[in-house]
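Peer 1: I have a structure here, written as structure tokens, and I will follow up with some questions on it.
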Amino acid sequence: MMAPTHVTIGLSIAAVVSSVTPFWLAPAVGGFVGSIVPDLDLFAGSHRRTLHFPVLGWLPALVASVVAWIAPSPISICLAVGTVAFALHAVVDIAGAGEELRPWERTNPFAVYCHACGRWFRARYWVRYDGALEDLGLTLAFALPVLWVYDGWVALVAVAAVIVGAVYAVVRRRIPEYVASTSE
């Protein structure tokens, strides 16, 4: 999935949580940060391996959620939403394509590494590739509850995610050509 999809998923979790707590900022910050942190392994480590935890990521999410339930505070709510968004990120990546420059060719079936299992989970291709129309549709669908609950900067982030996702969807299939031409 593309980053805008992850962001709107994290913010939609925040929208649900902020609907049932007196806090609005803490869930939004947690949802946003937790949804993007796994992709920092693009810059350090091995993408979809170093910071993606499709099984082990749920342990801190469970602990943080229980703590937030027992002792709700802005910090506990932020951590709970953030760790759930973090764990869900890796699971959502499994629904898409493998990690490759041209995922529509399906040359790499590996989606996310499972540290608990010691192996790669295979891509499911429910979303054909990052930037496919169904990926953009998910970005838009998950932005809607955010726009329903939030206004201000949180709503602007959701709108920006949809716009960035739409632009990315338009250019996605051209990216391999550009990468190939700049490496020559």
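The values are calculated or read from the model by the stated rules, or taken from the named source; none is laboratory data. Because the structure is predicted, anything quoted here is derived from the model rather than measured. Because the Cβ atoms are built from the backbone with ideal geometry, glycine has one as well, and the counts that use them run over all protein chains shown.
Peer 1: Which one of the conditions (1) out of contact with any Phe, Trp or Tyr (no Cβ under 9 Å at 6 or more places or on another chain); (2) under 25 Å from Ala169 (Cα atoms); (3) crowded, with 16+ Cβ neighbours inside 10 Å; (4) modelled with pLDDT of 95 or more does Ser35 fail to meet, given that it meets all the rest?
Peer 2: (1)
Peer 1: Taking Val84 as meeting all but one of (1) part of a loop (DSSP other than H, G, I, E, B); (2) crowded, with 21+ Cβ neighbours inside 10 Å, write down the number of the exception.
Peer 2: Of everything listed in (1) part of a loop (DSSP other than H, G, I, E, B); (2) crowded, with 21+ Cβ neighbours inside 10 Å, Val84 misses just condition (1).
Peer 1: Just for the range 37-68: of the residues that are in a loop (DSSP other than H, G, I, E, B) and without any contact (Cβ under 8 Å) to a residue 40 or more places away in the chain, which one is nearest to Met1 (Cα to Cα)? Break it down stepwise before answering.
Peer 2: Filtering the range 37-68 for residues in a loop (DSSP other than H, G, I, E, B) gives 43-57.
In the following step, the residues that additionally are without any contact (Cβ under 8 Å) to a residue 40 or more places away in the chain were identified as 43-45, 50-51, 57.
Details: Phe43: 17, Ala44: 19, Gly45: 19, Thr50: 17, Leu51: 15, Gly57: 18 Å.
Ranking the qualifying residues of the range 37-68, first place goes to Leu51.
Peer 1: Would you please name the residue that is surrounded by the fewest Cβ atoms within 10 Å (Cβ to Cβ), looking only at residues in the range 11-31 that are among the β-branched types (Val, Ile, Thr) and in contact with a Pro (Cβ under 8 Å, 6 or more places away or on another chain)? So that I can check it myself, show each step before the final result.
Peer 2: Our first condition is that a residue be among the β-branched types (Val, Ile, Thr); within the range 11-31, this holds for 13, 16-17, 20-21, 29.
Keeping just the survivors that are in contact with a Pro (Cβ under 8 Å, 6 or more places away or on another chain) gives 13, 16-17, 21.
Values: Ile13: 25, Val16: 15, Val17: 25, Thr21: 17.
Among them, the one singled out is Val16.
Peer 1: In this structure, is Arg106 in contact (Cβ under 8 Å) with a residue 12 or more places away in the chain, at positive phi and surrounded by fewer than 16 Cβ atoms within 10 Å (Cβ to Cβ)? Please lay out each step first, then the result.
Peer 2: Numbers: in contact (Cβ under 8 Å) with a residue 12 or more places away in the chain: yes; at positive phi: yes; surrounded by fewer than 16 Cβ atoms within 10 Å (Cβ to Cβ): yes.
Criteria met by Arg106.
Peer 1: Got a sec? Which helices (runs of 4 or more DSSP H) wholly within the range 126-184 have at least 2 residues that are at pLDDT 95 or above and either out of contact with any helix residue (DSSP H, G or I) (no Cβ under 9 Å at 6 or more places or on another chain) or among the acidic types (Asp, Glu) (or both)? Lay out the reasoning, then the answer.
Peer 2: Details: elements: 133-149, 152-171, 175-182.
Qualifying helices (runs of 4 or more DSSP H): 133-149, 152-171.
Peer 1: Tell me which of these Ile77 doesn't satisfy, since it passes every other one: (1) closer than 18 Å to Asp39 by Cα; (2) more than 14 Å from the chain's Cα centre (by Cα); (3) surrounded by 12 or more Cβ atoms within 10 Å (Cβ to Cβ); (4) not basic (Lys, Arg).
Peer 2: (1)
Peer 1: Surrounded by fewer than 23 Cβ atoms within 10 Å (Cβ to Cβ), over 23 Å from Gly137 (Cα atoms) and touching a strand residue (DSSP E or B) at 6+ places or on another chain (Cβ under 6 Å): which single residue out of Val55, Val63, Val67 fits that description? Full working, then the answer.
Peer 2: Numbers: Val63 fails: touching a strand residue (DSSP E or B) at 6+ places or on another chain (Cβ under 6 Å); Val67 fails: touching a strand residue (DSSP E or B) at 6+ places or on another chain (Cβ under 6 Å).
Only one candidate qualifies: Val55.
Peer 1: Among the residues of the range 1-34, write down those that are under 13 Å from Cys78 (Cβ atoms), assigned to a helix (DSSP H, G or I) and not hydrophobic (A, V, I, L, M, F, W, C).
Peer 2: Once the filter is applied, which keeps residues that are under 13 Å from Cys78 (Cβ atoms), assigned to a helix (DSSP H, G or I) and not hydrophobic (A, V, I, L, M, F, W, C), the range 1-34 yields Gly10, Ser18, Pro27, Gly30, Gly31, Gly34.
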